[in-house]
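The block underneath contains the structure these notes are about, expressed in structure tokens.
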Amino acid sequence: MYDVLIRNGMVVDGTNGPWFYADLAIEDGKIVEMGKLNRRRAKVVIDAKGMFVCPGFIDIHSHSDFSAFVNPFCESKLRQGVTTELVGNCGYSLAPLIGSALEETKNYYREMYGVEAGWQSVSEYLDALQRARPAINYAMLVGHGTIRKSIVGYENRRPTAEEMRRMKDLVAQSLRQGAFGLSTGLIYPPGSFAETDEITELCKVVARYNGFYATHMRSESARLIESVEETIEIGKRSNVSVQISHHKACGEKYFGKVKETLKMIEQARNEGYDVTCDVYPYTATATDLDAILPDWVHENGTERMLERLKDPKIREKIKQQIDPIQKAMGGYDKIHISYVVSEKNKPFQGKSLAEIAKVLSKDPLEAAFDLIVEERGRVGMMRFAMDEEDVKLVIKSPYSMIGSDGSALSTEGVLSQGHPHPRNFGTFVRVLARYVRELKLLSVEEAVWKMTSFPARKIGILDRGILRPKMTADIVIFDLDRVQELATFGDPKRYPKGIVHVLVNGVVVLRDEELTGERPGRVLRKFGK
């Protein structure tokens, strides 16, 4: 008597090999048998006739660092078929936190969600995450920005030799405690203050622990080529495995540059360096509105940034510096506000900066600066900045994986606030519906590989991502004819359809497209040598 028996499905095993018919028997969270299992019995039997059975999707680029503490069902990801999330991306992780960095983070989450973020080390954070009993699995990277904030603060300078030693020690400690690698966010202070040498030295530590380096590069527009060059150089000098995060070219002036950058990745690989990337299947980005500000405005933290933005002379200086950049990226009608905190500004959620400026009878940048000041920096934006042909090129590349760059959200409660990017609700389903079924850009086997075993191997999660006996039973069963993303930019908070059943660690968490209430997720840790 097995725990679960999945019958009659078309198995896409995650290896990029052709699908085949097989039944799967699951016991104690593991796949124990595959093949024609007609005579076997189980406590739970799932008939997958006419549907594909594949490994659970692994979101290699997630920002759900705090989501499970607020809603442990992780619904917007689970309903897409995501069974494992890698958090700690873009240089930002919820550990390690020291001194003022700890207080800043605790205050933020207390105010945003009413939940206490009371940990300092990676080990403490992962323990707390496990106690939250999420429905899906979590793995993490340690954020370079978080490390730098804890040791150097928001100062725009090189670390001293002692500070560098402490940063390297923190990276090593974080990997020993379970982080799978290091991430950078080189457009976000304080990470943007770091020079190539600093990142290289930290990546040498990561390489010693067989971790990998994921980077939100310094530029995805005017200096895209130089940014890829820097990323590859860091990989060569440190001998670390490299992942370019959410690879794209932003701004019409730069459309087509991914042809060159994908060739650069291929050349690096031909030279023996492990360089890969991830991509989300949309033409709009999402981040904080204050990312449009120059680095120097962010120096010494949020309070100093807000003081600078209140000074009319400094405002004018900022406008002169960034207005040409914003226009090259598509202008102010392409920037839409995704979330604010205050009730006063909530009517602006979903509206473009150009629309808001018109309502307020202000210059678009003045409107943006006022929003940042009034919301104390807590303003999100979406920018319609990419070319669909570029997106397709990166998705099709043999060196790309799928990552949402989104968070686990919900259609109700605290995690339903704002007007989010639809990628939070639809990334993995969109790949299957649009790029497999409709455009036939990928085969179903290629798409599943990019969402399962390819990211599993990159991260270093060796017991998931492939359907085989002895592997952990993270499994998705979907109807390719019916699978559909329902979230849109106009109406983003909608769950998809066609992801019929999901198992996490051998437990059914989604049955007939409904939550079962089970929360069997685990925190996955990479222990270094």
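Odds and ends about this structure:
- Residue match in the stretch 203-221 (condition: outside the structural domain of residue 457 (by TED's automatic domain parsing), of a type in the set (D, E, K, R), free of Cβ contacts under 8 Å to residues at least 12 places away in the same chain and more than 19 Å from residue 164 (Cα to Cα)): no
- Of everything in the stretch 410-430 that is touching a helix residue (DSSP H, G or I) at 6+ places or on another chain (Cβ under 7 Å) and farther than 15 Å from residue 59 by Cβ, the residue that is surrounded by the fewest Cβ atoms within 10 Å (Cβ to Cβ) is 414.
Condition check ((1) within 21 Å of residue 451 (Cβ to Cβ); (2) in contact with a helix residue (DSSP H, G or I) (Cβ under 9 Å, 6 or more places away or on another chain); (3) without any contact (Cβ under 8 Å) to a residue 24 or more places away in the chain; (4) not aliphatic (A, V, I, L, M)) across all residues:
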position: 38; (1), (2), (3), (4): no, no, yes, yes
position: 43; (1), (2), (3), (4): no, no, no, yes
position: 47; (1), (2), (3), (4): no, no, no, yes
position: 53; (1), (2), (3), (4): yes, no, no, no
position: 59; (1), (2), (3), (4): yes, yes, no, yes
position: 65; (1), (2), (3), (4): yes, yes, no, yes
position: 68; (1), (2), (3), (4): yes, yes, no, no
position: 71; (1), (2), (3), (4): no, yes, no, yes
position: 75; (1), (2), (3), (4): yes, yes, no, yes
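- Residues in the stretch 493-503 include none that are under 21 Å from the mean Cα position of the chain (by Cα), buried (at least 24 other Cβ atoms within 10 Å of the Cβ) and closer than 16 Å to residue 13 by Cβ.
- Selected residue (criterion: surrounded by the most Cβ atoms within 10 Å (Cβ to Cβ)) from residues of the stretch 87-121 that are in contact with a Phe, Trp or Tyr (Cβ under 7 Å, 6 or more places away or on another chain) and among the β-branched types (Val, Ile, Thr): 87
- Within the stretch 500-520, the residues that satisfy the criterion of being touching a residue at least 12 places away in the same chain (Cβ under 8 Å) and not in a strand (DSSP E or B) are 505, 506, 512, 513, 518, 519, 520.
Conditions (1) at pLDDT 95 or above; (2) of a type outside the set (Gly, Ala, Ser); (3) more than 20 Å from the chain's Cα centre (by Cα), marked per residue:
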residue	(1), (2), (3)
101	no, no, yes
104	no, yes, yes
109	no, yes, no
114	no, no, yes
117	no, no, yes
122	yes, yes, no
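- A search for C-beta distances below 6 Å between a residue of the stretch 324-338 that is in the same structural domain as residue 294 (by TED's automatic domain parsing) and any residue that is of a type in the set (A, V, I, L, M) and assigned to a loop (DSSP other than H, G, I, E, B), counting only pairs 6+ apart in sequence or on different chains, returns 329/385; 330/385.
- Meets criteria (aliphatic (A, V, I, L, M) and part of a helix (DSSP H, G or I)) for residue 265: yes
- The set of residues in the stretch 1-17 being in contact with a Phe, Trp or Tyr (Cβ under 8 Å, 6 or more places away or on another chain) and either surrounded by fewer than 21 Cβ atoms within 10 Å (Cβ to Cβ) or among the hydrophobic types (A, V, I, L, M, F, W, C) (or both) consists of 8, 10, 11, 12, 15, 16.
- Scanning the stretch 231-258 for residues that are hydroxyl-bearing (Ser, Thr, Tyr) and either in a strand (DSSP E or B) or crowded, with 24+ Cβ neighbours inside 10 Å (or both) returns 231, 241, 245.
- Number of the condition not met by residue 299 [criteria: (1) at pLDDT below 95; (2) surrounded by fewer than 21 Cβ atoms within 10 Å (Cβ to Cβ); (3) under 30 Å from residue 422 (Cα atoms)]: (3)
- Of all residues in the stretch 1-43, those satisfying the criterion of being of a type in the set (Ser, Thr, Tyr) and either under 15 Å from residue 504 (Cα atoms) or assigned to a strand (DSSP E or B) (or both) are 2, 21.
- First in the stretch 18-30 and in the same structural domain as residue 463 (by TED's automatic domain parsing) and buried (at least 17 other Cβ atoms within 10 Å of the Cβ), second anywhere and among the β-branched types (Val, Ile, Thr) and assigned to a loop (DSSP other than H, G, I, E, B), Cβ under 8 Å, 6 or more apart: 19/12
- Candidates 261, 283, filtered to the one that is under 16 Å from residue 217 (Cα atoms), of a type outside the set (Phe, Trp, Tyr) and either surrounded by fewer than 15 Cβ atoms within 10 Å (Cβ to Cβ) or modelled with pLDDT of 95 or more (or both): 261
- Residue list for the stretch 167-179, filter: surrounded by 22 or more Cβ atoms within 10 Å (Cβ to Cβ) and within 12 Å of residue 205 (Cα to Cα): 167, 170, 171, 174, 175
- Single residue of 476, 483 found to be in contact with a Cys (Cβ under 6 Å, 6 or more places away or on another chain) and touching a residue at least 12 places away in the same chain (Cβ under 8 Å): 476
The values are calculated or read from the model by the stated rules, or taken from the named source; none is laboratory data. Since we're looking at a predicted model, the values are computed, not measured. Using ideal geometry, Cβ is built from the backbone for each residue, glycine included, and neighbour counts are taken over all protein chains shown.
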